[in-house]
Amino acid sequence: MATHHLSPFQAGFTLLELIVVLVMVSTISAIALPNLVNLYTSAATRLERDSILDQIGAMGEQALLNQKAYVLLSSQKDLETEVLDDPDLAQFHAYPLEIPAGWDIELDEPLITRANGVCLGGEIKLLQNRVEKLQIELAPPFCHVTP
């Protein structure tokens with residue numbers, strides 16, 4: 001029969017070592033978790049901002065593809081009625097810009113893109129919760145968006 005001899009130094013962890021490791025893991029988690037929430041929030045904000053910028057950047061391509069002249073105004077809520085009421089803008093179609101909740105755009109002048117895809121240029125301000133997040137100068141003829 002085999003007998004097991006117990007040595008005075010057994011392999012394994014002491015209770016003190018386990019407690020130290022648990023305290024270290026808890027401390028690291030307490031430091032890292034709030035930053036993970038901020039990371040998620042900033043990533044979501046960037047995705048929403050990029051979605052708006054991509055739509056604006058595609059305005060010329062959509063005009064050329066659909067053979068329609070588009071106009072983009074600051075207030076998207078009453079865009080259709082404003083375009084129809086203004087005789088200078090009556091020849092343009094309202095550009096269908098999908099803006100996420102909490103975001104808005106401001107333009108000093110309407111952003112006009114002709115049916116041949118040429119953009120006349122302008123300046124756009126992106127606002128999130130009424131706070132300016134980004135200001136972009138769109139240079140004619142292509143009005144490429146570079147944040």
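Laid out as a table, the results:
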item	result
Burial order of peptide ranges 52-62, 29-39 (average beta-carbon count within 10 Å, highest first)	52-62, 29-39
Surrounding net charge for residue 123, when Lys and Arg each add one and Asp and Glu each subtract one, Cβ distance under 11 Å	-3
Per-peptide average of other Cβ atoms within 10 Å, ordering 128-135, 108-115 highest first	108-115, 128-135
Cβ charges +1 (Lys, Arg) and -1 (Asp, Glu), total dipole of the range 86-147, debye	220 debye
Neighbourhood charge, 12 Å Cβ-Cβ cut-off, centred on residue 43 and excluding it, Lys, Arg +1 and Asp, Glu -1	0
Dipole of the range 15-138, positive direction: furthest Cα of 92, 45, 110, with charges on the beta-carbon	45
Cβ-defined net charge surrounding residue 138, 12 Å radius [Lys, Arg +1; Asp, Glu -1]	-3
Length released on extending from residue 54 to residue 130, taking residue separation times 0.36 nm less the Cα-Cα span	25.3 nm
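Read-outs throughout are calculated quantities, based only on the coordinates presented, and are distinct from any laboratory measurement. Owing to the predicted nature of the structure, the values given are computational and were not obtained by experimental measurement. Methodologically, a virtual Cβ is constructed for each residue, glycine included, from the backbone with ideal geometry; neighbour enumeration extends over all protein chains shown.
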